[in-house]
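Before any comments, here is the structure.
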Amino acid sequence: METGAIPVITIDGPSASGKGTVAQLVAEKLAFHYLDSGALYRLIALIAIRSNTEPTNESAIANIALHLDVNFDGSSIRLNGENVSDAIRTEACSKLASIIASQPKVRNALLQRQRAFRQLPGLVTDGRDMGSVVFPDASLKIFLTASAEERAQRRYKQLIEKGINANIQSLLQDIYERDTRDSNRDVSPLKQGVNTKLLDTTLLSIEEAVNEVLRLYDQICKN
Ligand code: DC
C-alpha cells in the first residue's frame, strides 16, 4: 500500500490549546498511531541545553535533529533509553523549542522522521505545520484553538494540580510571546491552512472536542 493511502488526521494549533490531549484520545479511539511533533522540537532543545550548544548555531542544532535517538513508548518519551517525558516540559525547554523551531534547517531535518510515522492503520498527529507542510494530503486537517485566557487558565490548573507554583499573569504573558513567535516566523508559521477545519474549544470539554474530531472524520470516511 502506498503511504499516501494511509489515513492521517492532523491537529495543529497554538500552545496549551489541548490539541495534544485531544489528538492522543482520537488516536486511541481509532486505534491509530500518534505523533506529538512538538516533542521532537522539545527533545532537540533538551539536548542543546545539556550539551551547551549555542541556539543560534543552526547547523549544530540541525545536526542534533538528524541524529535524535528517540523512542515513543506509549506516553513515555525515551532519549537514548532515558525517560525524558517530564524533562522536555520545563519552561526552559518550551522557550528554546519555540526559538529553534524557527530554523529552516531544523524543520527540514525533521521532515522524513515525521513522515515515517505514517503507518497502518493510520496516524493522528499534532503540531503547527502537520497539515500545511508535513502531511499536506492528510484525510482531515483541524486547527484547534482556544482563547489565550482560557489556555492560560488550563495551564494554571494543570500546574497547580501537579503541586507546581504558578502565576496566571506570567502564564498568559508566556502564551502571548510563544503565539507571536510561532505565528510570525518565516518558515511554517502557525496559522489555519486551506482545507482546514477550525475547532475553537474555549467553551468545549475535552470529550466534546474529541467527539467533534471523530464526527468530522466519520463524515469524511462516509464520502
Ligand atoms: O506543541 P508544543 O508546545 O509541544 O511545541 C513546542 C514548540 O515547538 C512550539 O513552540 C512550536 C514548535 N513546533 C513547531 O514549530 N512545529 C511543530 N510541528 C510542532 C511544534
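Computed from the coordinates by the stated procedures, all read-outs in this text should not be read as laboratory data. From a predicted model like this one, the values you see are computed outputs, not experimental measurements. Using ideal geometry, Cβ is built from the backbone for each residue, glycine included, and neighbour counts are taken over all protein chains shown.
The residues listed here are Asp86, Asp69; of these, the one that is away from the ligand (no atom under 14 Å from the Cβ) and out of contact with any Asp or Glu (no Cβ under 8 Å at 6 or more places or on another chain) is Asp69.
Taken as a whole, the structure leaves Leu111 outside the set of residues that are more than 15 Å from the ligand (Cβ to nearest atom) and either among the hydrophobic types (A, V, I, L, M, F, W, C) or under 16 Å from the mean Cα position of the chain (by Cα) (or both).
Just a yes or no: is a residue in region 19-32 buried (at least 19 other Cβ atoms within 10 Å of the Cβ), among the polar types (S, T, N, Q), within 14 Å of the ligand (Cβ to nearest atom) and touching a residue at least 24 places away in the same chain (Cβ under 8 Å)? No, region 19-32 contains no residue that is buried (at least 19 other Cβ atoms within 10 Å of the Cβ), among the polar types (S, T, N, Q), within 14 Å of the ligand (Cβ to nearest atom) and touching a residue at least 24 places away in the same chain (Cβ under 8 Å). Under the condition of being within 18 Å of Ser132 (Cβ to Cβ) and out of contact with any Phe, Trp or Tyr (no Cβ under 9 Å at 6 or more places or on another chain), which residue from region 90-106 is surrounded by the most Cβ atoms within 10 Å (Cβ to Cβ)? So, considering only residues that are within 18 Å of Ser132 (Cβ to Cβ) and out of contact with any Phe, Trp or Tyr (no Cβ under 9 Å at 6 or more places or on another chain), the one surrounded by the most Cβ atoms within 10 Å (Cβ to Cβ) is Gln103.
Against the test of being among the polar types (S, T, N, Q) and touching a helix residue (DSSP H, G or I) at 6+ places or on another chain (Cβ under 6 Å), the options Ser188, Ser183, Ser170 yield a single qualifying residue, Ser188. Tell me which residues, restricted to region 157-191, are over 18 Å from Leu96 (Cβ atoms) and either away from the ligand (no atom under 16 Å from the Cβ) or acidic (Asp, Glu) (or both). Correct list: Lys157, Ile160, Glu161, Lys162, Gly163, Ile164, Asn165, Ala166, Asn167, Ile168, Gln169, Asp186. Among what's in region 55-88 and is under 19 Å from Val106 (Cα atoms) and charged (D, E, K, R), pick the residue that is surrounded by the fewest Cβ atoms within 10 Å (Cβ to Cβ). Once the filter is applied, the top-ranked residue is Asp69.
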